[in-house]
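The values are calculated or read from the model by the stated rules, or taken from the named source; none is laboratory data. Not measured: the values here are computed from a predicted model. Cβ: placed from backbone, ideal geometry, glycine included. Neighbour counts: every protein chain shown.
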Amino acid sequence: MIGGTLFIGRALVKELLKAGHEVSILHRRPRHDLGKKVAGIVADRNDPEALKRALAGRKFDVVYDNVYDWERGTTAVQVEATARACGNNLERYVFMSSVAAYGDGLNHHEGDALAPDDHPDAYVRNKAMSERTLFRMHQRNGFPVVTLRPPFIYGPGNPYYREAFFWDRLREGRPIILPGDGRRLMQFVAIKDLVGACLKVIDVADLEGHAFNIANPRPLTQVEAVEAFAVAAGKEPTFVRWPRERILRAGGHPMGPKLYFGFYFDMPAITVVVNKAQRVLKFKPVDFAAGLKESYRWFLRHNPFPKPDYSFEDALIEAAPASAYSAPAD
């Protein structure tokens, strides 16, 4: 497991151990808190030479590549170096990509073109180029890659301020700022469903060279998503609608610090079709409402986020005309 100590990796390590697998994680820190059964390998996956030294002499059946360096980026060259350092005895190399690899657009199937090499967003560009590189390796020498493309991941243990952003505000009776008309589409997948797909792709035969969209089949509008968060918390939402351009001009940003709609949640819509995963992997995602209730129970017990600073939102809300307010049925 490249990574293993954050969200996907932590949940996946737990299920791999439960299934009886021997697990090692490769990460930058000399220690981890995943228990004595999990071996640690220390290296920076963005450093090809350090990675090669760390993996020298080791053999693995499966490698899960879950890590993306958000500060420096993880390029296709670095992913290729990682894949080559893992040796020639692999049965699967499972690369965690993203629906972002498509660049934009709705209802993508796995065979659709990915974003071009010159896409302006580094994350999009790196994911798309990494997938192309890995699939070229498969075509040239049979490298056993499988890629997974999830959208927004939710569930217990989420380290990103996403569902919790709304639950903090709903629990305090605060209005939710809705960028634009609130119709921008979002698609989700529960962490346990994504982890289930990770396990499935190492058990099903003849998947080398395939990509899979892993998501709840039905996208939601931003309004519908917030309403679902509210139902999970037993609260009634109130919206304040503001033009997205004005929010951004005021200093708002999807990644903060002046956050207005959950960390990296207000993004151009990219949606996918999951028929292939349903057919080949027997993928049956948990109902979104049920998954959110489980996530909300975890949030109540473990809320890991600091008390929010509402000053930016307060300024927007105070400046909003009365016509900007609406109830969920609007």
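Considering each of R136, R169, R162, R132 in turn, give the residue that is of a type in the set (D, E, K, R) and over 24 Å from G73 (Cα atoms).
Numbers: R136 fails: over 24 Å from G73 (Cα atoms); R162 fails: over 24 Å from G73 (Cα atoms); R132 fails: over 24 Å from G73 (Cα atoms).
Just a single option satisfies the conditions, and that option is R169.
Determine whether region 203-214 contains at least one residue that is of a type outside the set (A, V, I, L, M, F, W, C) and surrounded by 21 or more Cβ atoms within 10 Å (Cβ to Cβ). Lay out the reasoning, then the answer.
Taking region 203-214 first, the residues of a type outside the set (A, V, I, L, M, F, W, C) are 203, 206, 208-210, 213.
Going one step further and asking which of them are surrounded by 21 or more Cβ atoms within 10 Å (Cβ to Cβ), we end up with 213.
Yes: region 203-214 contains one or more residues that are of a type outside the set (A, V, I, L, M, F, W, C) and surrounded by 21 or more Cβ atoms within 10 Å (Cβ to Cβ).
When L6 is tested against the conditions (1) under 19 Å from A190 (Cα atoms); (2) surrounded by fewer than 21 Cβ atoms within 10 Å (Cβ to Cβ); (3) touching a Leu at 6+ places or on another chain (Cβ under 6 Å), the lone failure is (3). Filter region 280-300 for residues that are of a type outside the set (A, V, I, L, M, F, W, C) and over 15 Å from A197 (Cβ atoms); which is surrounded by the most Cβ atoms within 10 Å (Cβ to Cβ)? By that ranking, first place goes to S295. All conditions but one from (1) at pLDDT 95 or above; (2) assigned to a loop (DSSP other than H, G, I, E, B); (3) under 18 Å from the mean Cα position of the chain (by Cα); (4) of a type in the set (A, V, I, L, M) apply to L259; the one that does not is (3).
Tell me, yes or no, whether region 151-171 has at least one residue that is surrounded by fewer than 21 Cβ atoms within 10 Å (Cβ to Cβ), aromatic (F, W, Y), within 19 Å of F95 (Cα to Cα) and touching a residue at least 24 places away in the same chain (Cβ under 8 Å). No, region 151-171 contains no residue that is surrounded by fewer than 21 Cβ atoms within 10 Å (Cβ to Cβ), aromatic (F, W, Y), within 19 Å of F95 (Cα to Cα) and touching a residue at least 24 places away in the same chain (Cβ under 8 Å). Of all the criteria given as (1) in contact with a Lys or Arg (Cβ under 6 Å, 6 or more places away or on another chain); (2) buried (at least 21 other Cβ atoms within 10 Å of the Cβ), the one not satisfied by G180 is (2).
Yes/no matrix, rows are residues, columns are (1) more than 30 Å from R301 (Cβ to Cβ); (2) touching a Leu at 6+ places or on another chain (Cβ under 9 Å); (3) in the same structural domain as M96 (by TED's automatic domain parsing):
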site	(1), (2), (3)
E110	yes, no, yes
A113	yes, no, yes
P116	yes, no, yes
P120	yes, no, yes
Y123	yes, no, yes
F135	yes, no, yes
Y154	no, yes, no
L170	no, no, no
G173	no, no, no
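In region 265-330, which helices (runs of 4 or more DSSP H) lie fully inside it and hold 1 or more residues that are free of Cβ contacts under 8 Å to residues at least 12 places away in the same chain and within 23 Å of R171 (Cα to Cα)? Steps first, please.
Details: elements: 275-280, 288-302, 311-319.
Helices (runs of 4 or more DSSP H) meeting the threshold: 288-302, 311-319.
Reported count of residues in region 265-279, each being under 20 Å from W70 (Cβ atoms) and surrounded by 17 or more Cβ atoms within 10 Å (Cβ to Cβ), is 3.
If a residue counts only when it is out of contact with any Phe, Trp or Tyr (no Cβ under 9 Å at 6 or more places or on another chain), which strands (runs of 3 or more DSSP E) contained entirely in region 171-220 have at least 2 such residues? Spell out the reasoning first.
Numbers: elements: 176-179, 188-190, 210-213.
The strands (runs of 3 or more DSSP E) meeting that bar are 210-213.
Going by the conditions given, is V280 of a type outside the set (G, A, S), over 18 Å from the mean Cα position of the chain (by Cα) and within 30 Å of E208 (Cα to Cα)? Yes: the conditions hold for V280. Looking only at region 113-131, residues that are exposed (fewer than 15 other Cβ atoms within 10 Å of the Cβ) and over 18 Å from the mean Cα position of the chain (by Cα) come to 5 in all.
Within region 43-60, residues that are under 14 Å from G3 (Cα atoms) and assigned by TED's automatic domain parsing to the domain that holds C86 sit with their Cβ atoms under 7 Å from residues that are of a type in the set (K, R) and surrounded by fewer than 20 Cβ atoms within 10 Å (Cβ to Cβ), at 6+ positions apart or across chains, in these pairs: D44/R28; N46/R72. Restricting A319, A250 to residues that are farther than 22 Å from P156 by Cβ and surrounded by 14 or more Cβ atoms within 10 Å (Cβ to Cβ) narrows the list to A250. Output the residue which, of all residues in region 16-56 that are over 23 Å from A81 (Cβ atoms) and of a type in the set (A, V, I, L, M), is surrounded by the fewest Cβ atoms within 10 Å (Cβ to Cβ). Top of the filtered list is A19.
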